[in-house]
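The values are calculated or read from the model by the stated rules, or taken from the named source; none is laboratory data. Here the structure is a predicted model, which means the values were calculated and not measured. Here Cβ is always computed from backbone atoms with ideal geometry, including for glycine, and neighbour counts include all displayed protein chains. Please note that ligands, DNA and RNA were not included when accessible areas were found on the heavy atoms of the full protein model with its side chains. Shrake-Rupley method; radii C 1.70, N 1.55, O 1.52, S 1.80 Å.
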Protein chains: 2
Amino acid sequence: MALADLARTDLAAFADAQRAAYAELKAKGLKLDLTRGKPSPEQLDLSERLLSLPSGHTAADGTDVRNYGGLAGLPELRAIFAELLGTSVGNVVAAGSSSLTLMHDTLVQALLYGRPNSVEPWGVEDVVRFLCPTPGYDRHFALADRLGIELIPVPMSDDGPDVDVVASLVADDPTIKGMWLVPTYANPTGSVCSDEVARRLASMPTAARDFTIMWDNAYAVHHLTEVETTTPDIITLAAEAGNPDRVVVFASTSKITFAGAGVAFLAGSEATVGAYLEGLGYYSIGPDKVNQLRHVEFFGDAAGVRAHMAQHRELIAPKFAAVQRVLTERLAEHGIAEWTDPAGGYFVNLDVLDGTAKRVVALAGEAGIALTPAGSAFPYGEDPRNRNIRLAPTLPPLAEVEAAMDGVATCVLLAAAEELLG
Amino acid sequence: MALADLARTDLAAFADAQRAAYAELKAKGLKLDLTRGKPSPEQLDLSERLLSLPSGHTAADGTDVRNYGGLAGLPELRAIFAELLGTSVGNVVAAGSSSLTLMHDTLVQALLYGRPNSVEPWGVEDVVRFLCPTPGYDRHFALADRLGIELIPVPMSDDGPDVDVVASLVADDPTIKGMWLVPTYANPTGSVCSDEVARRLASMPTAARDFTIMWDNAYAVHHLTEVETTTPDIITLAAEAGNPDRVVVFASTSKITFAGAGVAFLAGSEATVGAYLEGLGYYSIGPDKVNQLRHVEFFGDAAGVRAHMAQHRELIAPKFAAVQRVLTERLAEHGIAEWTDPAGGYFVNLDVLDGTAKRVVALAGEAGIALTPAGSAFPYGEDPRNRNIRLAPTLPPLAEVEAAMDGVATCVLLAAAEELLG
């Protein structure tokens, strides 16, 4: 029976039961962490062979990877990820180890010099604003905010951002210079941008001629089921719509091989890639090509990446299943929470009773279960309904995921009962 | 006899002889490159063991280096380079693989947010200017110019920049926000900043309260003789002078292990490091700690780095000796050129007869000897005396260095004779 339908005395009894359960939970002295989307040690072990690679130091074209140069990255690695990202090698740059850094560099270049199709640098405008599909990735929002870009939330749907809202906002407002988007297995909802939404994003009229979609395809190959979703080829869609420079694509191997010690990728039109490399040439004499060759040898080809990701799936799918199982068993009947069941990515989006998310996170924290701060998935950390919690189950062992989720469920129920009792 | 003292007929005969020598040179069809300071394959071979490291994946404090985190870098690697840079581990960050990128990031942060001791971001000023000890490093100048910073040349002396000129300029002009400096074995002159000059730079009154010395200690341990010069501890000198945030120190292992695939370092006061990490935290979730652990295992300790650099010296000192030998044999008697004899670093600075540097580089290029474009070592590429040429002898094999220098000498003599004939 839904909590909201209980008689007040029954609700009070329910709350008492949850308080007792919560006291038991605290007594366990847990120390569990579901805060960040980090791979587990077992996942990292899948790439242990990288530590003794590369076997040589020469790239396919004879380049000595130990020396300077090759600003765009090794062609053979770019080719592998061009295939995985559904684009061409000439549209892809392999640079550094962090896609977040490439996003930062892209925005800094836009602010200081403009994008290829800009009339002026963004930095000369009084106001620069970005649409933020919400709930979304907290680091995206913080990065843009840090650079002085104002954040405007737009709703996230199952098939990507609410494109009617997006199209309506960008049509008339030239201060809206861009938007964030994780197209596949979005952080945290797991939603996948459909071809139709992608086509509309690529073709919609925008008041800002240099409107830019920051297309963060962080989870392109991070499937949790045997269905390997294909991300829309946004670069081609944008070109076909006459807006070739509208999109900058990002990806990395951080959640494929080693987090922070992998390779990051930037992709886009010829002008987008050219402008990026022109700027990069002022502050880099070439990327870590040794690490790039290491990854080429490790993967072999795109099929090698896919096979590697299937091993990741075997390790983490049971953890996601455990989240579903515990949440369903503990919460479903009470009608006070909803959650996603993602087909890929790193997160489960949990919406608890309106007004209780902060309380749930606080209760969990006191019981030794660290959760991402409530509101993190919203611009400026402000969840207007105070209901959203992001769950990241990949890092802890399965038994800890189960224990943590059971504890979280207790906190969700207790907070809901308190809230309903008023 | 000096060319300038020759009778005109003798000078004409000398020019004819050089023309003949130049024709012979061209006929050889050489293809030699002295343009950039790149390590040779033999130098890179010294670090080949890195390719099969690290042997494990756990840092000294138990951190799994394969996962996210540790923004400041591995303490054990920072400790090694703190010792080599003459500072403390808490003053050093290990980040990325390129010190040039760290310089860029530092200037971008200064422009967008200011330095720790700024009143406002540099970017709100109408004009921001930097002093450029000249001849200097072309990439420093291009990087600042790209960011809209105006470049003011100041003379480079044997003991560092002409500190009288520097102190005089910065005392009254608040638009001068900083200066570049390679303190040890400067690019390209090889000069070493003395303790006295460093002390004055650290303590001189500056009209800009946030005047910043970009102290690029790229060649701190790159000795060409058995004398291991110690760079002044500018961080302590600045702190003692009451200007703790005046200096940002940069270094990397690019010319120690693998160029572009090493580790870069930033050092400075607690506020400098803190501000850098605060900014970095918006666009990085930690550096490539696997590569850092790889370097820790490879070096062992600071003594390991010094021993490794002695092996580099054995490989490249003969090339620098060859440059001296050929230049002395071919040019000394003619009084039309001067050159440095550096005790470390990667370059020899050659000053030819005023007005002939571009002609020398063009002649050499036509004969298949690639030299850095004349004027490169000056802000905006403008050498007012058109006499400066940077020689980079590390990359080619010894025999090629000798052949290239012999060819360069011919070009220098031909251009000088032509110039004197008018």
Inter-site label distance for B:ALA13 and B:ALA171 at 7 Å from Cα along Cβ, in nm = 5.6 nm
Starting from the coordinates of the alpha-carbon atoms of the protein assembly as shown, obtain the Kirkwood hydrodynamic radius over all distinct pairs and give the value in Å to one decimal.
-> 29.2 Å
Antiparallel DSSP beta bridges within the stretch A:59-299, percent to nearest 5 | 35 percent
Over all alpha-carbon pairs of chain B, lay out the pair-distance distribution in 20 Å bins, whole %, shortest bin first.
-> 26, 53, 20, 1
Shape call, the stretch A:251-373: gyration tensor on alpha carbons, a/c limit 1.5 = prolate
Shape category assigned to the stretch B:6-137 from the gyration tensor of Cα positions, a/c cut at 1.5 | oblate
Classify the stretch B:56-212: rounded, prolate or oblate, from the alpha-carbon gyration tensor (a ≥ b ≥ c, eigenvalue square roots; a/c under 1.5 rounded; otherwise prolate if a/b is larger than b/c)?
-> prolate
Separation in nanometres of the label points that stand 7 Å from Cα toward Cβ, at B:ASP162 and B:GLU228 = 3.5 nm
Do any GluC sites (Glu not before Pro) in the stretch B:362-422 lie in a loop, going by DSSP, with at most 14 other beta-carbon atoms within 10 Å of their beta carbon, and if so which?
-> B:GLU382
Heavy-atom accessible surface, probe 1.4 Å, ligands and DNA/RNA ignored: which residues of the stretch A:51-69 lose at least 50 Å² versus the isolated chain?
-> A:LEU51, A:ARG66, A:ASN67, A:TYR68
Taking alpha-carbon centroids only, the stretch A:343-383 lies from the stretch A:37-53 a number of Å equal to 28 Å
Label-reachable residues, the stretch A:211-250, where backbone N falls under 15 Å from a point 7 Å from A:ARG306's Cα toward its Cβ = A:220-231
Can you figure out the FRET efficiency of B:GLU382 with A:ALA207, using R₀ = 45 Å and their beta-carbon distance, to the nearest 0.05?
-> 0.55
Cross-link partners of A:LYS26 among aspartates and glutamates (Cα-Cα below 17 Å; sequence separation of 8 or more within a chain) | A:ASP16, A:GLU366, A:GLU400, A:GLU402, A:ASP406
Tell me, what HN-Hα J-couplings in whole Hz come from the Karplus equation 6.51 cos²θ - 1.76 cosθ + 1.60 at θ = phi - 60° for each residue of the stretch A:117-125, using x for Gly and Pro?
-> 9, 7, 7, 9, x, 4, x, 7, 6
Using a Gaussian network model of chain B with C-alpha springs under 10 Å, which one of B:ALA238, B:ALA399, B:ALA95 is most mobile by mean-square fluctuation?
-> B:ALA399
From the cross-link list A:LYS289/B:LYS358; A:LYS255/A:LYS358; A:LYS289/B:LYS255; B:LYS31/B:LYS319; A:LYS289/B:LYS38; B:LYS255/B:LYS358, the entries with a Cα-Cα span beyond 24 Å are A:LYS289/B:LYS358; A:LYS255/A:LYS358; B:LYS255/B:LYS358
Give the accessible surface of the protein assembly as shown per residue, rounded to a whole number of Å², with probe radius 1.4 Å and ligands, DNA and RNA excluded.
-> 35 Å²
Top mean-square fluctuation among B:ALA303, B:ALA343, B:ALA110, Gaussian network model of chain B, C-alpha springs under 10 Å?
-> B:ALA303
Mind listing, in residue-number order, the residues in the stretch A:92-109 that have at least 40 Å² less accessible area with every protein chain present than in their own chain alone (1.4 Å probe)?
-> A:LEU100, A:HIS104
Carbon/sulfur fraction of accessible area - the stretch A:187-316, other protein chains in place, 1.4 Å, % = 49 percent
Accessible area that becomes buried as A packs against B, both chains, 1.4 Å probe, Å², nearest 100 | 4400 Å²
